[in-house]
Every structure is written in C-alpha cells, then in structure tokens.
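Read through the structure below, which is laid out as structure tokens, and then see the notes.
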Amino acid sequence: MADTTGNSKRSETSAKLDEVRLKKEELELIKLEDEVKKLEAHRAQFLENRKQTEETLAESKRKKLEQQELCNHRKGGMDLEGIAGNGSHAYHAIAKHQLGDGRVMVLCLRCQKIWMPGDEDYKEMLRAQTDNVMSTSAQFGGMRFMDVHQFQDGTSA
Ligand SMILES: [Zn+2]
C-alpha cells in the first residue's frame, strides 16, 4: 500500500514537472516568435529605407539630367533665369580642364554637365567661347580648380 501511495505521488510530481516543462517550452516558443516578428519588422524597415533611398537618388539624378537638358551653359541671365540655365551672355559658363593624360574635359559651371572627348557635343563645347581660363592637372589641387575659373570681371558662375 505504501508503494502505491509513493507511486501515485511520484506520478503526480512527474505530471507537474511535465506541465512546467510544457509551459516553459510554450514561453520559449512565444519568445522566439516575438523575436522572429521583430526581425521581420526590422528587415521590412530596412528594405523600405533602401527603396526610399534608391527612389530619392533616382529622382535627384532625373532632376539633374533635366536641369542639364534645359541649361544653355551660358553666363548671365537675370536672377533665377540664370541659375535655371537661361544664361543670356555670349560667353559660356564652362570650365575647360586639361587632364594629366592631355585630354581636355569641359564642365558647365551652371548644371555640372561634363563633356569628355567622344561625347556628343564635345567638340562644340570645346570650341564654345568663354573668358574662363583653362586649368591643367598641375593646377588641380584642393579648391584651386574652382579658383581659376573666376571670371575676369571678378564674378563667378
Ligand atoms: Zn549647363
């Protein structure tokens, strides 16, 4: 009889232990599910941020190309007209720069468009009139590049 009581107590204890273990596993599962949810939210946020960054970059690239398309690469123009690329001056707002290898690149100081040998309109832009002085790689260092492109009358593009 004593054995039976002992057995039943033992099985009662073992049942309780099983119950506790089960609860513990359930809690661990909930914790894991929670972590997975957090990770998924994190990942979704990351992807969303990346998408927005890409969209912003694409948008600013599109705007820049549009600005370059509209720019006449000339000096002058009243206020915003000039800034928007509607220069009224005969001279071009361009800077020519000779690279170390001898090639000359042309840069519009208004829309930042760059022409390299072989580009469409390169020859035309190379011949375009400007009173800016051509710089060379020897002068190219720090801010020097922009310094040498101040206009002769002291204004800049
Ligand atoms: Zn331009």
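Bear in mind that the values in this text are calculations on the coordinates, not laboratory data. None of the values given here were measured: they were computed from a predicted structure. Heads up, the Cβs are rebuilt from the backbone with ideal geometry, glycines too, and the neighbour counts pull from every protein chain shown.
Figures for the structure shown
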item	result
Residues ASP79, ASP121, sorted so that the one with the fewest Cβ neighbours within 10 Å comes first	ASP79, ASP121
All lysines inside 28 Å of LYS61 as judged from Cα atoms, apart from same-chain residues fewer than 8 positions distant	LYS51, LYS75, LYS96, LYS113, LYS123
Rh (Kirkwood; distinct C-alpha pairs) - region 1-70, Å	17.6 Å
Exposure proxy order (Cβ contacts within 10 Å, fewest to most) of HIS89, HIS42	HIS42, HIS89
Neighbour-limited loop hits for GluC sites (Glu not before Pro), region 1-108 (at most 12 other Cβ within 10 Å; DSSP other than H, G, I, E, B)	none
Antiparallel bridges, percent of DSSP beta bridges restricted to region 2-138 (to nearest 5)	80 percent
Normalised convex hull volume, region 26-121, alpha-carbon set, Å³ per residue	159 Å³
